[in-house]
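Working notes for the structure below.
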Amino acid sequence: MAELGVGSTVPSFELPDQQDYPWSLSGQLEAGPVVLVFYRGDWCPYCNGQLASYARKYDEFERRGAQVAGISVDPPHDNAKMVGKLRAPFPLLSDATGEVSRAYGLWDERENVATPAVVVVGRSGEVSYLYAGSDFADRPRDEELFAALDALGERGVPGSRIERRTGGPELRTTAAEARNGSVRPDRPALSLDELHSYYRGAFSTTEALGGRLTGRLLRRASREVTRHQDLVRVYARATQETADLAREQS
């Protein structure tokens, strides 16, 4: 399909969630806008941090009438572990062969996983916000995403006009297909303790590099380092809050 952009109508799809239940985009749009979080997998530290941050701030999404769903090639069994680890109040969907990611133009051919991206879909089925990362660590600021939802202003008000589609979803993966046909890379999932160690190392490295970036031509690079440090701080805080929550619930 043509490259997805703001104003584009997204392909409809149905994917299994972490409990093998079918999750339909068109069905969810009946209730309000949907935030689709395309991520690489449970082995990626930035994906873990991003999803943990959204989980700990889920009331901010609910307050704006929005739903969240994560999408990766990970099969339902792995997604169930990820939901439990992150205490995620939203579903993680299995796009086992990357069919949906490819249709959305968010597929990394080299890595054979989804390109990290966030797509906000309004109730009409059109994209109102799109952020596709340029690399594995490039993610939108939470504040930017919430501002996009505020600008959307769709809260499921009774009587609002919704253009409904007829027929079934354009793309569908069953639970059996997701369990048996996943192209997930053979990499181990990261624990919360491993995430804490990773973020400490990532922050220390960027702190050292930031001190070397001086001069007019390097100001942009310095801003990028600062942005990355801010992101790592947010993800580290979210995973620490998740670990604290896990201890409280155990």
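Spin-label model, R110/R237: points 7 Å from Cα along the beta carbon direction are separated by 3.3 nm.
Full extension from S124 to R141: what is 0.36 nm times the residue separation minus their Cα-Cα distance, to one decimal in nm? Display every interim value, and only then the final one.
Values: separation 17, 0.36 × 17 = 6.12 nm, distance 2.51 nm.
Here the answer is 3.6 nm.
For G105, what is the net charge nearby, where nearby means another residue's Cβ is under 13 Å from its Cβ and Lys, Arg count +1, Asp, Glu -1? Cβ neighbours under 13 Å give a net charge of -3. In the chain, the portion of solvent-accessible area held by carbon and sulfur atoms comes to 48 percent [1.4 Å probe, whole percent, DNA, RNA and ligands not counted].
Between E62 and T97, the simple label model (points 7 Å from Cα in the Cβ direction) yields a spacing of 3.8 nm.
In the full protein context, segment 8-180 carries 40 Å² of accessible surface per residue, based on a 1.4 Å probe and ignoring ligands, DNA and RNA. Overall, the chain carries a charge dipole of about 680 debye about its Cα centre when +1 sits on the Cβ of Lys and Arg and -1 on the Cβ of Asp and Glu, all other atoms neutral. Label-to-label distance, A246 versus R223, with points set 7 angstrom from Cα along the beta-carbon direction: 3.7 nm.
Farthest toward the positive end of the dipole of segment 76-121, out of L86, V120, G98, is the Cα of L86, where the dipole comes from beta carbon charges about the Cα centre.
The values are calculated or read from the model by the stated rules, or taken from the named source; none is laboratory data. Computed from a predicted model, the values in this text were never measured in an experiment. Heads up, the Cβs are rebuilt from the backbone with ideal geometry, glycines too, and the neighbour counts pull from every protein chain shown. Quick note on the areas: whole protein, heavy atoms, side chains included, nothing else; ligands and nucleic acids left out. Shrake-Rupley method; radii C 1.70, N 1.55, O 1.52, S 1.80 Å.
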